[in-house]
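**Q** My questions will all concern the structure given below.
The values are calculated or read from the model by the stated rules, or taken from the named source; none is laboratory data. Small disclaimer: the values here were computed from a predicted structure and weren't measured. Cβ: placed from backbone, ideal geometry, glycine included. Neighbour counts: every protein chain shown. Keep in mind that these areas ignore ligands, DNA and RNA; they rest on the heavy atoms of the full protein, side chains included. Shrake-Rupley method; radii C 1.70, N 1.55, O 1.52, S 1.80 Å.
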Amino acid sequence: MEYPIGGGATISAQEQPGVLRCFRSFPLSDIIEAIWDCDIPDGDFAKSLTIKCPPGTSLQLIGQYRKPARIAQSETVLPSKCATHVQTHALTLFPTGAFGAVIVCLRPDAASRIVKAPFREFANASLYLGDLFGNWEVEMCDDLLAGARTSQERIAGVQAFLLRQLSPQIDSLANRAAGYLRKNPAMPVSALAALLGTSERNLSRGFKRAFGLSPKRFARLARFQRILAERRLDRSWAQVAHACGLSDQAHLIGEFHDLVGEAPTQFFTRELHIGADGMDEANLIIQRTAGTVGRN
């Protein structure tokens, strides 16, 4: 899928100041939710934007291939190439010129097939990709991204990099539980434990040991992803709340305050409407920076 950034549907792809592309990896479909390429070669336009990655369930691997943007989460500045699981407060990228970033979203129940560190270590973390995969591998990937002429070439190179890291699937109680909760965030922990043939206590202990958070908190992150996806359908906040199993709009506002520290209207202020209906994984939010005027 391809979404124009800033130019509108009537402008040709060649004239767009930027494009957001979503790729689904067929050979890695059971591991990767999506790969995003945010491609904004117009440096002045890029500097007028901020790009948010809101909390969710996926482990995000972020690489850049133009002028490095500053990456921050709350008060913490992250490496320009990093791995993180965003649990609270959106991760925000601030372009400093021509901008290019590839974001790989790994499923939490399968991320161990790519990364060797325990998933729990990525919670709101700022792990440098070189420390995770080795500097030589990351530098080789950097060279490939820098030399790629098209988004398809970039994604093919990233996919080849990921395939080199691939290891066998590890079946575990926590991974199976995460898979169920991503599909059905409203499932009570008691029902999930019964489905998996274990006790609530055993499930909660194993889940927290694997993912660094409780099943209930993980389910809230999964529901938050669904809230963002439902919002793309031009529904009212009350309709979104109902669709996501929240009793009313006040509870939805409470979820935003708890997970991102802002009300929904604040969180989405100055957002560019890029027609990205159906965006769910790595539901990127592209906004005009306060005090700047972007293109419509």
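**Q** Scan segment 257-271 for residues that are among the hydrophobic types (A, V, I, L, M, F, W, C), part of a loop (DSSP other than H, G, I, E, B) and more than 19 Å from Cys38 (Cβ to Cβ) and jot them down.
**A** Ala263
**Q** Which condition does Trp237 not pass, out of (1) of a type in the set (A, V, I, L, M, F, W, C); (2) open to solvent by 60 Å² or more (accessible area, probe 1.4 Å); (3) over 30 Å from Asp39 (Cα atoms), if it passes all the others?
**A** With (1) of a type in the set (A, V, I, L, M, F, W, C); (2) open to solvent by 60 Å² or more (accessible area, probe 1.4 Å); (3) over 30 Å from Asp39 (Cα atoms) applied to Trp237, the lone miss is (2).
**Q** Here's another thing I want to ask about it. Please state which one of Leu20, Leu49 is open to solvent by less than 60 Å² (accessible area, probe 1.4 Å), at pLDDT 85 or above, touching a strand residue (DSSP E or B) at 6+ places or on another chain (Cβ under 7 Å) and closer than 29 Å to Gly179 by Cα.
**A** Of the residues listed, the single one that is open to solvent by less than 60 Å² (accessible area, probe 1.4 Å), at pLDDT 85 or above, touching a strand residue (DSSP E or B) at 6+ places or on another chain (Cβ under 7 Å) and closer than 29 Å to Gly179 by Cα is Leu20.
**Q** Separate question: Go through Ala177, Ala156 for me and flag whichever is free of Cβ contacts under 8 Å to residues at least 40 places away in the same chain, of a type in the set (Gly, Ala, Ser) and either closer than 18 Å to Pro55 by Cα or touching a Phe, Trp or Tyr at 6+ places or on another chain (Cβ under 8 Å) (or both).
**A** None of the other options fit; the residue is Ala177.
**Q** Would you list the helices (runs of 4 or more DSSP H) that sit entirely within segment 68-182 and hold 3 or more residues that are open to solvent by 60 Å² or more (accessible area, probe 1.4 Å), at pLDDT below 95 and more than 20 Å from Ser29 (Cα to Cα)?
**A** Here the list reads 135-147.
**Q** Could you go through segment 272-280 and let me know if any residue there is charged (D, E, K, R), out of contact with any Cys (no Cβ under 9 Å at 6 or more places or on another chain), open to solvent by 20 Å² or more (accessible area, probe 1.4 Å) and within 22 Å of Ala34 (Cβ to Cβ).
**A** yes
**Q** Arg232 is checked against (1) without any contact (Cβ under 8 Å) to a residue 40 or more places away in the chain; (2) closer than 18 Å to Ser58 by Cβ; (3) in contact with an Asp or Glu (Cβ under 9 Å, 6 or more places away or on another chain) and fails just one. What number does that condition carry?
**A** Here Arg232 clears every test but (1).
**Q** Are there any pairs, at least 6 apart or on different chains, whose C-beta atoms fall under 8 Å, with the first in segment 237-250 and touching a residue at least 40 places away in the same chain (Cβ under 8 Å) and the second surrounded by fewer than 14 Cβ atoms within 10 Å (Cβ to Cβ) and of a type in the set (A, V, I, L, M), and if so, which?
**A** Sorted first by the residue in segment 237-250, then by its partner, the pairs are Gly245/Ala186.
**Q** (1) closer than 20 Å to Pro264 by Cα; (2) in contact with a His (Cβ under 8 Å, 6 or more places away or on another chain): which one isn't true of Leu49, the others all being true?
**A** Every condition holds for Leu49 apart from (2).
**Q** Can you tell me which residues in segment 193-212 are open to solvent by less than 10 Å² (accessible area, probe 1.4 Å) and either closer than 24 Å to Glu121 by Cβ or not aliphatic (A, V, I, L, M) (or both)?
**A** Across segment 193-212, the qualifying residues are Leu203, Phe207, Phe211.
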